[in-house]
1. So which residues in segment 242-278 are surrounded by 18 or more Cβ atoms within 10 Å (Cβ to Cβ) and on the phi > 0 side of the Ramachandran plot, if there are any at all?
2. Out of segment 359-396, which residues are among the β-branched types (Val, Ile, Thr) and assigned to a strand (DSSP E or B)?
3. Could you list, in sequence order, the residues of segment 519-528 that are out of contact with any helix residue (DSSP H, G or I) (no Cβ under 6 Å at 6 or more places or on another chain) and surrounded by 18 or more Cβ atoms within 10 Å (Cβ to Cβ)?
4. Would you say residue 583 is of a type outside the set (Gly, Ala, Ser), under 30 Å from residue 518 (Cα atoms) and either in contact with a Phe, Trp or Tyr (Cβ under 6 Å, 6 or more places away or on another chain) or assigned to a strand (DSSP E or B) (or both)?
5. Could you list all residues from segment 435-476 that are at pLDDT below 75 and either farther than 30 Å from residue 660 by Cβ or open to solvent by less than 70 Å² (accessible area, probe 1.4 Å) (or both)?
6. How many of the residues in segment 307-317 are touching a strand residue (DSSP E or B) at 6+ places or on another chain (Cβ under 6 Å) and either of a type in the set (A, V, I, L, M) or crowded, with 22+ Cβ neighbours inside 10 Å (or both)?
7. Out of all the residues in segment 651-686, which are more than 18 Å from residue 638 (Cβ to Cβ) and either charged (D, E, K, R) or touching a strand residue (DSSP E or B) at 6+ places or on another chain (Cβ under 6 Å) (or both)?
Amino acid sequence: MIDDDILCAEEFSERADTPLDEAYQPLIRRWMLRALLRCNGVSRFLRECRFSDHHLAKYFGLTEAQMERGKEGSIQKLLAKQLQALEAQPSVLPATRLSGNLARVAEHLQFSPVELDILHLTVLQRLDKALEEVLDMIGSLTRSSAVRLFAECLGHPQREVQRALDDRSRLCRSALLTIDDRRPYEFSNKVDLLDGFAEALMLEHQELLDLFAANLVPSPAPQLQRADFAHLERDFTILAQYLDVVCRMGQRGVNVLIHGRPGTGKTELVRCLAQEVGAKLLEIPCELPGGEPRAGKERFESYRFAQGLLEGGARQLLLFDEVEDVFNESMRGRRGGNASGIKGWVNHLLERNPVPTFWVTNDLRPIDAAYLRRFDYVLKLDVPPARVRRRVLERHLGALELPEAWRNAAASHEGLVPAVVERAARVCLTVCDASPDLQPQAVMTQVMNNTLLALGTAALPCAQRDPVGEYRLDWLHADCDLQRLRDGLLSVGAGRLCFWGPPGTGKTEFGRYLARELDRPLLVKRVSDILSPYVGEAERHIAEMFAQARVDGAVLLLDEADSFLRSRRGAQRSWEVTQVNEMLTQMEDFDGLFIASTNLMDQLDEAAMRRFDACIRLDFLRPAQAQAMFAETAGKLGLQVDSATRQALTGMDRLAPGDFAAVLRGARLHPPAGAADLLARLRQLAALKSKSAERPMGFLAALE
């Protein structure tokens, strides 16, 4: 009878299409019977298998007649006889690929025989459906009942199993196996394995590390070089020296946090640093081998395991990328009783990890201050300076025929992170190779602008501006000698200037001219770039603006500066004062060239006025200047100017260089019929300014 029952079990194993070697079946069968008979699993087994074509009943050779109600005692005796027969046989662990891989892991991590047996049972439970069902039939387990179940199945004393499942044991510290202590669960939910571990044990692997491809992968070689991070030279030098020392000394608790907006090269920086110090860099993957995203808790378990696996290795570093998703999950877990299992031990990990780790994130906000204090070095990566952006552009553009003006305009865009350039260039090279009739400039501009707009930044600036003609200082009506100002700035190289006056008089364009003359990049900021609905954000943006200009060596031009330098006497809200205070402080500390432009000079704070080296008014054009610009504009449009038109022009006293640029742009859509038509358009623009100047504002407007 017993032999027939065993045969039935073997037949079932074949039908179940189990991935396990047949040599495992006696061992698995023994564990199943021990669990059912010694851990009160028989009653649930009978309840679930009765009156159904249940495969477990067939597995143990039970017929429908035997499963009828009232025959519980005979069924239990039958199962006991099967167990007695198996116990009489020697308990030998089969020599299979799975057991060989497990032995390699246990030897490397120095597991005890009990820890190895516990891990072996849990792995087989994941791979064998019948064993999983039987262990779940024991019911909801606490930690103590889970210890008893392991002890009964494996034949080890409970105290040894309890020691092996203690959080301080090598097995639990390795994160290969974890026990969920939040509440009682069935075995398959109570005892967890490292993601992908059981399946990987079934495959042949040359290297031990290959077993854990779902949890730990070698990092690719860097695509960028140290020269691409020249703007971070001081940070790079410090980090490289620090990593060299801690790797040599085997120092514990070394963690570096790198944060910044997406695409700025954070991961590439880590790879460059690892290459610089001659260390092997391994990454915690964000995806499963099949491409599916990995949950935060699974990634943290992989990190814990990697620390144990790599401990003691020479010159190894870990990279944990996109960590904001993990800490976001941790925050959700805190509100729901720490469901992610992270909060309780992450601080300990940051203090004791044996392998130096880089943590990379796009967003610091989810990271608790308790974590931040435990990082050895915190580095922010922002958009690289213009000179680096130009170098990245040249590397990726390759043989694409793009005008120099376009390259300069693209490199000047402060939102142009390396990742945007790389992907756009890849698309452009592919498309233009397949369709030679397409213009690379048009394709690159389209692809990059689509991405930039999706990221919430402005599109690329026009490569070609529309000036009336060659830029000339004598066409600006200033209250000082602009040529002497230019010469002084070339000599000193720094200063704080305020350009004020009516709109269109050339304030911003003069700032661009100075940047070109000084051969420096120009960083233009507007109100929309700085203001934020969140308290304190505008002040942070102001500080970042000056910091970026300092790193880039750029001329900083702030348009509509009155928004941030308005007199504090009339302030009604605290943030109106703090924004002005921040601006004044940053101006005081800035050692480059800062230019503020405004149309509302009389509204600036008195303290701001004292901080400017020069306040220069740019006014409407003098008659001679207006006539010269009119002649230049008419010539570009192919119009003849008669004496009557020149005479009429002298009576217009509110013309600015911006007006001529505006009518020239409009002429592309609707060319003027003649010089008189051109004059009429200018007169219309001047009239609009007159009405604006005469219109009462504020309290006076309300009285009308």
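1. 260, 263, 265
2. Listed by number, the residues that qualify are 360, 361, 378.
3. Within segment 519-528, 520, 524 qualify.
4. Yes.
5. Residues of segment 435-476 at pLDDT below 75: 461-471.
Passing the criteria: 461, 463, 466, 468, 469, 471.
6. 2
7. Those that are more than 18 Å from residue 638 (Cβ to Cβ) and either charged (D, E, K, R) or touching a strand residue (DSSP E or B) at 6+ places or on another chain (Cβ under 6 Å) (or both): 653, 654, 659, 683.
Every residue, every condition in (1) at pLDDT below 75; (2) out of contact with any Leu (no Cβ under 6 Å at 6 or more places or on another chain); (3) polar (S, T, N, Q); (4) not in a loop (DSSP other than H, G, I, E, B), yes or no:
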| position | (1), (2), (3), (4) |
| --- | --- |
| 3 | yes, yes, no, yes |
| 10 | yes, yes, no, yes |
| 17 | yes, yes, no, no |
| 27 | no, yes, no, yes |
| 34 | no, yes, no, yes |
| 51 | yes, yes, no, no |
| 64 | yes, yes, no, no |
| 67 | yes, yes, no, no |
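The values are calculated or read from the model by the stated rules, or taken from the named source; none is laboratory data. Predicted model, so just to flag it, every value in this text is computed and none were measured. Every residue, glycine among them, receives a Cβ derived from its backbone with ideal geometry; neighbour counts consider all protein chains shown. The accessibility values were calculated without ligands, DNA or RNA, using every heavy atom of the protein model including side chains. Shrake-Rupley method; radii C 1.70, N 1.55, O 1.52, S 1.80 Å.
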